[in-house]
Amino acid sequence: MSAAVFKTIDDILALFDGPSPQIWVPENGFGPAEHVQALHPAVDGQRRAGRVAFAQLHQDGRWEEWYRPTGTVVEAAQEALSRSNVSDIFLSQQTFGRKRAIVELVALGAAYADLDYHRSVYAGQSAEVVKDAVLKHLLAESKPLPSYILSTGRGLLCVWLHELMGAAALPVWSATQRHTAKLLGSFGADQNALDAARVFRLVGSNNSKTSANQRVHLIWSNGEAASPHRYAFGDLADSLLPHTRAEIKILRAERATRNADGKSIVKPARKLSQATLWSTRFQDLRKLRKLRWSDGAIPPGERDAWIFISSVALTWLAPPEAMAREITALAQDAAGWSESETKARTSAAFKRATAAAAGEKVEWNGKECDPRYRYSSAKIIDMLEIEPDEMVKADLRSLCDEERLTELSRKRSKDWRVTKGQQSDHGTRADERLKLGAEAIELRAAGLTTTQLCEKFNVSRATITKAIKEASPSSS
């Protein structure tokens, strides 16, 4: 028995009554234990936050779903594969709160692409042949290789492990999912399997859709099978998105310059910025709900506006194929609404999102734009009647008035100065600037140019100019 997969056979058998289960031992060292540990690793010796979802599709069509804390996922996976029927057992790729839904997302740790190559030009090819073609294609496009690839019976699952990120990273993560699916479109990448709440078959489980009831197994690993390569999330996103973070900053600076000159510029990051904005608003909505209704249940008379605005946020965060499920789960949890009631009350937001997914545009202020709702923060604050003290108590970041936003901006600036090792006291900084200006005046008199002064003191031209101006006798 492989110690990398199970502790001892006695430990496993002790968990069950009845006949001894048939334990599968992988030849490549990547079994169910390695699978769940790769997706849900411990952080600094502590278990990962949130819960992992397991599920099984039974032969009678019944869908069974259960949850386990991350510290017990190995035991849960082993238990699932010790059932009399080990077909179609699924595992969530991320962790969640009370249920498996984007609205309950706790942490992201993997990006993925589900390749149904039997529906592509590669139909009839072996998994090995398709796997080699996928790796060759990614290398040709200078894209990062997956951390591992699983053979799922009729397809391949490519997984890119990355550092654990909170729910705030969802907009960027979702963008990488969409672009990766497009990149691997010729291999039958499933466009309906892009959301963060997706589950895929557990290694060691059988796929009942295959004629031979094939077992899910590792077919390729980036590094040691027991410890596949894990990416820094920012680096992975930079590699997969059309614009890196640095390029986006440059494009924004260029846009600001051209706008100042009365010229227009293409806005390549607009969709991403809208998603980021609504992601922050959605986090604010969750904080507000927790503050106002500690048990999570929103009373009649107050629930309609909160659920509607939350559903609008989800239209910017969830892919179209998962949107209805996510909105229904949210409304059920917050208000106890049925699926039909939720659909009736949020249909306007859903229809707009569906239109956006179909590529439709609407005219607004003389321009064609995305048909999804674009409420201002002030409008949402008014609709939900958010008070200034609630903004502070709930630590809201987007749904705030000008006073609160100014306060947050000052705090961010102060925190930034501290991280850069700068003084946070304005008086101290002014004294430092006067000293810099006095020294710069002497050096300029000795023949140094402004450019040389900038290089010597490692500061910007604006800083040098301001320092010299303040230190000049004429300014006193």
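What follows draws every value from the coordinates through simple rules; no lab data is involved. A quick note: this is a predicted structure, and the numbers were derived from the prediction, not measured. Neighbour counts run over all protein chains shown; Cβ positions are idealised from the backbone, glycine included.
Within the shell of other residues whose beta carbon sits under 13 angstrom from the beta carbon of residue 35, the net charge comes to +1, with Lys and Arg scored +1 and Asp and Glu -1. Sorted fewest first by neighbouring Cβ atoms within 10 angstrom, 116, 195, 60 come out as 60, 116, 195.
Rounded, prolate or oblate: which fits the range 9-239 when a ≥ b ≥ c are the square roots of the eigenvalues of the alpha-carbon gyration tensor, with rounded for a/c under 1.5 and prolate only if a/b beats b/c? Oblate, since a/c reaches 1.5 and b/c is not below a/b.
Of the residues 124, 111, 171, the one whose Cα sits farthest toward the positive end of the charge dipole of the range 45-197, with +1 on the Cβ of Lys and Arg and -1 on the Cβ of Asp and Glu, is 171. Once you have a ≥ b ≥ c as the square roots of the Cα gyration tensor eigenvalues for the range 268-402, tell me rounded if a/c is under 1.5, and otherwise prolate or oblate according to whether a/b is larger than b/c. Taking the square roots of the gyration eigenvalues as a ≥ b ≥ c, the range 268-402 is oblate. Around the amide H of residue 148, modelled in the peptide plane, lie the amide H atoms of 159, 161, 222, all under 5 Å away and 5 or more residues distant in sequence or on another chain.
Take the alpha carbon gyration tensor of the range 425-475, find the square roots of its eigenvalues, order them as a ≥ b ≥ c, and report rounded if a/c is under 1.5; if not, report prolate when a/b exceeds b/c, else oblate.
Working: a/c = 2.12, a/b = 1.38, b/c = 1.54.
It comes out oblate by the Cα gyration axes.
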